[in-house]
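Every read-out reported here was derived from the displayed coordinates using simple, explicitly stated rules and does not represent laboratory data. It should be emphasised that the depicted structure is a prediction, and the values quoted were computed from it without experimental measurement. All Cβ positions, glycine included, derive from the backbone under ideal geometry; neighbour counts span all protein chains shown.
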Amino acid sequence: MEKKLLSKHIKNIIVLAVVCGISWLLLYIIGHFTVLHPNAYFDITKSIFLVYVVYLVVGSLYKVFHNIKNFDGIWRKFSLWWGNETPFEAICESFTIVTAINSIMMLTGHDTPKEGVFAYIHMMLRLLIISSIITIWMWKDILQWVKKSTFRFNIKSLYQLSKKHFFASISKLFTIITTVYCILVIAFYRILNPAGGIAFYQTLLGILAFTVLFMFVHPARRG
């Protein structure tokens, strides 16, 4: 039991070290092309630990409630929901939740808004961090998912709604829109000269609100 617990701790340390190392290297490279936020390295490290801790807690709750066969109520539903998550859904949902909370913190003064093009770069680094952590932890699920998946990309699957997949649909669409938006701004930042700041986080919450509204009024919801 002690060896198993020790191996888990070692695995967590290795995963954190790898993700932090990759993120710091990317920041170092990006710093040669644009001005970084003064606390860029600290913010990225904080984001990594925050996302990792949340993912560990959620994963632990799933294991606990999944093994309780007679457990009913909201926690049982949570266990079933988490157990049916695909890696892509887990990434999108984690990104949506963290981005929404962080944007609110920026607007309420609990965190410092990122300025200029770095705000958009920081957002993509966050997505990379979340993707890396979930990929490392769910690599077996990813292999199974790839084997079962066809390589045909069906755009309708991004917004096809049901009571079971409503939040997943919102998260996937929000993540895709935000990613395309940030990549376009980063690619053409010399022309667009983005200001970042509070307006950027207001835009993110606006995109999320639009996505939720779109899902509610879209005919697919009735299906």
* **For peptides 117-123, 10-16, sequence by mean Cβ density within 10 Å, most packed first** => 117-123, 10-16
* Interchain or long-range residues, amide H under 5 Å from Glu115's placed H -> Gly197
* Asked: Taking neighbour Cβ counts within 10 Å as the exposure measure, how do Cys182, Cys20, Cys92 sort from fewest upward?
  -> Cys20, Cys182, Cys92
* Estimate the FRET efficiency between Asn39 and Phe166 by the formula 1/(1 + (r/R0)^6), using the beta-carbon distance for r and 35 Å for R0, to the nearest 0.05. => 0.45
